Amino acid sequence: MASVVVLDYGSGNLRSAQRALAATGVDVTVTSDLDAAAAADGLVVPGVGAYAACMAGIDELGAGPVVQQRVAAGRPVLGICVGAQIMFEVGDEHGVVTPGLGLLPGRVRRIEAQRVPHMGWNTVAAPAASRLFAQIDPAARCYFVHSYAAAAFDDPESLVTTVTHEDATFVAAAERGSLSVTQFHPEKSGAVGAHLLRNWVGTL
């Protein structure tokens, strides 16, 4: 049985992520133990709230190098919501600019739309080669709740899934090597999210 650690660094929907992952058949542990995070077959980095607060939690725990080393070694990491955002180079919230982990290119900024936060169910545009969205209906909807997002980016090493809210288009998910991130919450996205998590677990 594959082992998955949900990283507890003081932020995130830890128990809902744990339950959703356990339903895929893996052994899931919620912990702040960095040795366990380094050793697990898969590492999940959740996150809710402000970018700066999440990065402060990561820094206080000393988890940044563990995440970076896993990705460099080709070992699976999944970031969810703000846990996805901190994988980018920098976050810009309320005029506060905070360096991220730099594993994906780009900057996280406030969504340029009249209705913010972007909350509710939305379809996404996934590339055909996406592992996360393999065998998921293109008309399926994922659950979002956020006010900030990374701009869509063009990178030959990445597969970028986008979402459009009003006139704003931004990253819904990205896959680069062993790193996968979702701006939406798969653990709150019903059958679609369950399918996506099974797809991710299949890469472990």
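Charges were assigned to the Cβ only: +1 to each Lys and Arg, -1 to each Asp and Glu. The resulting dipole of segment 70-139 about its Cα centre is roughly 160 debye.
Rounded to the nearest 0.05, the FRET efficiency derived from the C-beta distance between T203 and R107 at R0 = 22 Å is 0.20. Each listed q (0.12, 0.15, 0.18, 0.20 Å⁻¹) maps to a log10 I(q)/I(0) for segment 99-204 from the Debye sum over equal C-alpha point scatterers, namely -0.37, -0.59, -0.86, -1.07. For segment 137-204, GluC sites (Glu not before Pro) are listed when DSSP marks them as loop and at most 15 other Cβ atoms sit within 10 Å of their Cβ; the list is E157, E166.
Sticking with the crude label model, points 7 Å out along Cα→Cβ, report the distance from E166 to A129 in nm, one decimal please. Rounded to a tenth, the inter-label distance reads 3.4 nm. Any chance you could check the Cα centroid distance between segment 53-109 and segment 172-197 for me, in angstrom? Cα centres, segment 53-109 to segment 172-197: 16 Å. The charge dipole of the chain, taken about its Cα centre with unit charges on the Cβ of Lys, Arg, Asp and Glu (plus for the first two, minus for the last two), comes to roughly 420 debye. Give me the base-10 log of I(q)/I(0) for segment 57-137 at each q in 0.10, 0.18, 0.19 Å⁻¹, Debye formula, one uniform scatterer per Cα, rounded to two decimals. At q = 0.10, 0.18, 0.19 Å⁻¹ the computed log10 ratios are -0.33, -0.99, -1.06. Here the chain is treated as a Stokes sphere of Kirkwood radius computed over C-alpha pairs; at 25 °C and 0.890 mPa s its diffusion coefficient rounds to 149 µm²/s. Taking Lys and Arg as +1 and Asp and Glu as -1, the other residues whose beta-carbon sits under 15 Å from that of V90 total -1.
Counting Lys and Arg as +1 and Asp and Glu as -1 over every other residue whose Cβ lies under 14 Å from the Cβ of A72, the net charge comes to +2.
Summing +1 for each Lys or Arg and -1 for each Asp or Glu, what net charge is found among the other residues whose Cβ lies under 15 Å from the Cβ of A174? Once all neighbours under 15 Å are counted, the net charge is -2. Rounded to the nearest 500, the 222 nm mean residue ellipticity of the chain from helices alone is -7000 deg cm²/dmol, with -39,500 (n - 2.57) taken per DSSP H run of at least 4 residues. Once the Cα-Cα distance is subtracted from the 0.36 nm per residue extended length, the A194 to E60 segment shows a gain of 45.1 nm.
Using a 10 angstrom cutoff on alpha carbons, build the Gaussian network for the chain and name the most mobile of A37, A17, A73. Of A37, A17, A73, the Gaussian network model singles out A73 as fluctuating most. Taking the Kirkwood radius as Rh and the Cα radius of gyration as Rg, segment 117-175 has a ratio of Rg/Rh equal to 0.94. Applied to segment 186-191, the Karplus parametrisation 6.51 cos²θ - 1.76 cosθ + 1.60 on θ = phi - 60° returns per-residue 3J(HN,Hα) values of x, 6, 10, 9, x, 5 Hz, with x for Gly and Pro. Could you list the residues of segment 1-38 with an amide nitrogen less than 16 Å from a label point located 7 Å from the Cα of S147 in the Cα-to-C-beta direction? Counting only backbone N, you get no residues.
Of the residues G83, G47, G190, which exhibits the maximal mean-square fluctuation in a Gaussian network model of the chain defined by a 10 Å Cα contact cut-off? The residue with the greatest mean-square fluctuation here is G190.
Bear in mind that the values in this text are calculations on the coordinates, not laboratory data. Just so you know, these numbers come straight off a predicted model, no measurement behind them. A quick note on method: Cβ atoms are made from the backbone with ideal geometry, for glycine too, and the neighbour counts reach across all protein chains shown.
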